[in-house]
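This structure is in structure tokens; I'll ask about it shortly.
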Amino acid sequence: MIKVLIVDDSMVFSELLKKKLSEYSGIKIVGTASDPYQARDKILELEPDIMTLDIEMPRMDGVKFLKRLLPQYPLPVIMISSREDRAEEAVKAGAASFRVKPDASDPAKVNGFIRDVASDISKICTRNSSSFHADLPRSGAAAEKPAKPTEYNQNGIEIVALGASTGGTDALEKVILGLPDDCPPIIITQHMPPVFTKMYAERLNRSSSLAVFEASDGMRLKKGMCVIAAGGFHMELHKDSKGYYISSKEGEKVSGHCPSVDVMFTSVAKCAGKAAAAAILTGMGADGAKGLLLIRQAGGYTVGQNKETCVVYGMPMEAYKLGAVCDEAPLEEISSLLKKKMNYPERS
């Protein structure tokens, strides 16, 4: 059972969440709290696997509480707010997901919201909560995932690079799940703080057929492998006589972020050029747009997520305006476009 703590100053909304989420198999609501101070005590007492956290609360703002909590207690948090404009702020503070409160007078919107929160809980957590914080193996279980025999001509594509921010955790997962396990190495920069990048890598490793790792300096890249940039570290691509590898180093923010999508994409343009395929997904701001343009100018293939399927049409919009995007497409088509570029056969 996934143990959930609900933190919200509205008793009505808190009870609604408690009642509706309890109807889902595998989810157990272990407690509620009406402010961050109560939440702090309940976390230590109940040891939840995950917490839903309102932003607008008395005594302390939810975002401020999250910033104080995570360095001491790295608990995955689904941030909830009636204000959609605080999504970027919540994700930067370390939220694993962000959901907007529905109109309580609309049953359909309420039910959809509950389904989304329940889906977030199941994706972020595992039923075996004791392994949630376990170290992701650098070799062994993840690396030993069997790869299917190669059935395609890669058309010269040697590296796939993906960048995202707000809404990117779910968007990236959809793209990854659409790629086969004999895919060229994939490198990803998602704006996310330390601790959560490792948790996110573990989540993708469980849900996909690829071997997914958090980046470490000097890591060698292989087919069927996916690497997530570590929070607070810039990830860059390099190549030597043995093949591709990455560096993962601390540094100043670039385009407002560390890790930065621009840093990763720029290194891909220099190192892989026309052998690269890259996608820029949902996110606020412009990080990644200039780097994606360099990849296209170097002869690589680039794709941007379209406005209609973005949580925030910021980064893809800036890339499109710069002329950095070869194709713009709905999220659900991006995997197919990447596979088509690598000449993967379409399967029904």
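Got a sec? Which of G285, G300 is in contact with a Lys or Arg (Cβ under 9 Å, 6 or more places away or on another chain) and touching a residue at least 12 places away in the same chain (Cβ under 8 Å)?
From the options G285, G300, the qualifying one is G300.
Scan the stretch 226-233 and tell me whether some residue there is in contact (Cβ under 8 Å) with a residue 12 or more places away in the chain, touching a Pro at 6+ places or on another chain (Cβ under 9 Å) and over 29 Å from D181 (Cβ atoms).
Among the residues of the stretch 226-233, at least one is in contact (Cβ under 8 Å) with a residue 12 or more places away in the chain, touching a Pro at 6+ places or on another chain (Cβ under 9 Å) and over 29 Å from D181 (Cβ atoms), which makes the answer yes.
Continuing with this model, one more query. Out of the residues in the stretch 1-23 that are of a type in the set (D, E) and open to solvent by 80 Å² or more (accessible area, probe 1.4 Å), state the one that is farthest from R99 (Cα to Cα).
Ranking the candidates gives E23 first.
Can you confirm whether the stretch 163-179 contains a residue that is modelled with pLDDT of 85 or more, closer than 30 Å to E236 by Cβ and assigned to a strand (DSSP E or B)?
Among the residues of the stretch 163-179, at least one is modelled with pLDDT of 85 or more, closer than 30 Å to E236 by Cβ and assigned to a strand (DSSP E or B), which makes the answer yes.
Would you pick out the residues in the stretch 278-310 that are β-branched (V, I, T), assigned to a helix (DSSP H, G or I) and open to solvent by less than 10 Å² (accessible area, probe 1.4 Å)?
Residue satisfying the conditions is I295 alone.
To continue, here is another question. Whether any residue in the stretch 29-44 is closer than 20 Å to V195 by Cβ, open to solvent by 40 Å² or more (accessible area, probe 1.4 Å) and in contact with a Leu (Cβ under 9 Å, 6 or more places away or on another chain) is what I want to check.
Scanning the stretch 29-44 turns up at least one residue that is closer than 20 Å to V195 by Cβ, open to solvent by 40 Å² or more (accessible area, probe 1.4 Å) and in contact with a Leu (Cβ under 9 Å, 6 or more places away or on another chain).
Looking at the stretch 332-348 only, could you name the residues that are under 14 Å from L172 (Cα atoms) and either hydrophobic (A, V, I, L, M, F, W, C) or not in a helix (DSSP H, G or I) (or both)?
I334, L338
Also, quick follow-up: Output the strands (runs of 3 or more DSSP E) that fall wholly within the stretch 198-277 and possess 1 or more residues being crowded, with 20+ Cβ neighbours inside 10 Å and among the acidic types (D, E), or say none.
Of the strands (runs of 3 or more DSSP E) lying wholly inside the stretch 198-277, those with at least 1 residues that are crowded, with 20+ Cβ neighbours inside 10 Å and among the acidic types (D, E) span 211-214, 234-240.
Among the candidates M57, M79, which residue alone is outside any helix (DSSP H, G or I), open to solvent by 20 Å² or more (accessible area, probe 1.4 Å) and under 23 Å from T166 (Cβ atoms)?
Being outside any helix (DSSP H, G or I), open to solvent by 20 Å² or more (accessible area, probe 1.4 Å) and under 23 Å from T166 (Cβ atoms) holds for just one of M57, M79, which is M57.
Related question: Take K109 and tell me if it is in a helix (DSSP H, G or I) and open to solvent by 70 Å² or more (accessible area, probe 1.4 Å).
Yes.
What are the residues in the stretch 316-331 that are touching a Gly at 6+ places or on another chain (Cβ under 6 Å) and not in a loop (DSSP other than H, G, I, E, B), if any?
Those that are touching a Gly at 6+ places or on another chain (Cβ under 6 Å) and not in a loop (DSSP other than H, G, I, E, B): P316, A319, Y320, E328.
The values are calculated or read from the model by the stated rules, or taken from the named source; none is laboratory data. Quantities reported herein were computed from a predicted structural model and do not represent experimental measurements. Note that we place each Cβ from the backbone using ideal geometry, even for glycine, and neighbour counts take in every protein chain shown. Heavy atoms of the whole protein, side chains included, go into the accessibility calculation; ligands, DNA and RNA do not. Shrake-Rupley method; radii C 1.70, N 1.55, O 1.52, S 1.80 Å.
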